[in-house]
Structures are given as structure tokens and as C-alpha cells.
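One structure is given below, encoded as C-alpha cells.
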Amino acid sequence: MRNINDNNVVKLVIIFIGLLIFFGSFYSITYFATRYRRPNLEYGETPIQNETILVGNILNRRHEEYYVVATTRDDDSFGRYKELLDNLKEATLIPNYYVVDLDDPFNSNFLSEEEKLDVERTSEFQFNGPTLIKVNNGQVENSWVGSLEIISYLASK
């Protein structure tokens, strides 16, 4: 009877030692793996090149004057818009710009057969394709519709 209890105690001690070795090895591996990976604590100012916004936020940005590019993901000219806008922003010819992704589900109800850009409220906006909007003091000051018109305006600025 004593042999059976002694065998159970020996088994429990072996299992306990095995678990200690198992968890100890994972702790050691984790400790040494993360010990040599110190995060870079030198944070510089990260400029935001563009910010994606929803149609409902077009007229209420914090800047007094800014541009908004509203386009879909399949617009092949978006890279060109972005390049031109980045260059104009770097040259301080425009204060800031934002991007509206018309494929976003929250913006899908603003896609329409007809453009409606001269609006009082953002809920009245309707887009039919790539559009550049100039906003001044929360009002639409000017707009350009279509890739060629947008690119020609931005290139001439």
C-alpha cells in the first residue's frame, strides 16, 4: 500500500518539475527575445500627408481653407492627384487636403448619377466620379469634376 502512494507522489513530483522546466524555458526564451529588442523611443514629428475622411466631414475640418479629393478605389488617376497635391502642399501653395473614399460603405449613399456639389449641408452632397472640392470657411468655394479637369487644375496651380 505504501508503494502505490510513493509511486503517485514520485509521479506528481516529476510532473511538477516537468511543468516548471516547460514554463521556465518559455519565460527565458521570451525574456531574451524581447530583451534585445528595445523600442525606438526617439519619436519625431510625423507629418500627415493626407487624411481620409467621410463625406459628412467635408465641410467641418479645422483648417479655414483646404481641398478635398473624392474618388473611388478604381480611379487610376488617384496617384497623380496625390502627387500633385503633395507637391503643392510642400510648396505651401495649398494649406491642406483630404481624401474621401467613395467606395467606403459610409459614403456609398453619396454616389449618384448626377453631381450635386453646391450644398449647404454635407448630407446633400452627390458625387458621380472623381471630384476635387475647394472649401473655404466651411463652404464649397469651387469644384472640379473628372480626372482631366482635376489634373489640369492642379498642374496649373
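The values are calculated or read from the model by the stated rules, or taken from the named source; none is laboratory data. It should be emphasised that the depicted structure is a prediction, and the values quoted were computed from it without experimental measurement. Virtual Cβ from ideal backbone geometry, glycine too; neighbours counted across all protein chains shown.
For segment 102-157, the candidate set comprises residues that are closer than 30 Å to A91 by Cα and hydroxyl-bearing (S, T, Y); within that set, the residue that is surrounded by the fewest Cβ atoms within 10 Å (Cβ to Cβ) is S156. Take the conditions farther than 22 Å from G138 by Cα, in contact (Cβ under 8 Å) with a residue 24 or more places away in the chain and loosely packed, with under 14 Cβ neighbours inside 10 Å and apply them to R73. Does it pass? Judged against the criteria, R73 is a match.
Restricting attention to segment 72-91, the residues that are closer than 16 Å to Y153 by Cα and polar (S, T, N, Q) add up to 2. For segment 82-96, the tally of residues that are touching a residue at least 60 places away in the same chain (Cβ under 8 Å) and out of contact with any helix residue (DSSP H, G or I) (no Cβ under 6 Å at 6 or more places or on another chain) stands at 3. Taking L85 as the residue in question, decide whether it is closer than 14 Å to Y67 by Cα and within 20 Å of the chain's Cα centre (by Cα). Criteria met by L85. Taken over segment 1-56, the criterion of being in a helix (DSSP H, G or I), at pLDDT below 85 and charged (D, E, K, R) is satisfied by R2, D6, R35.
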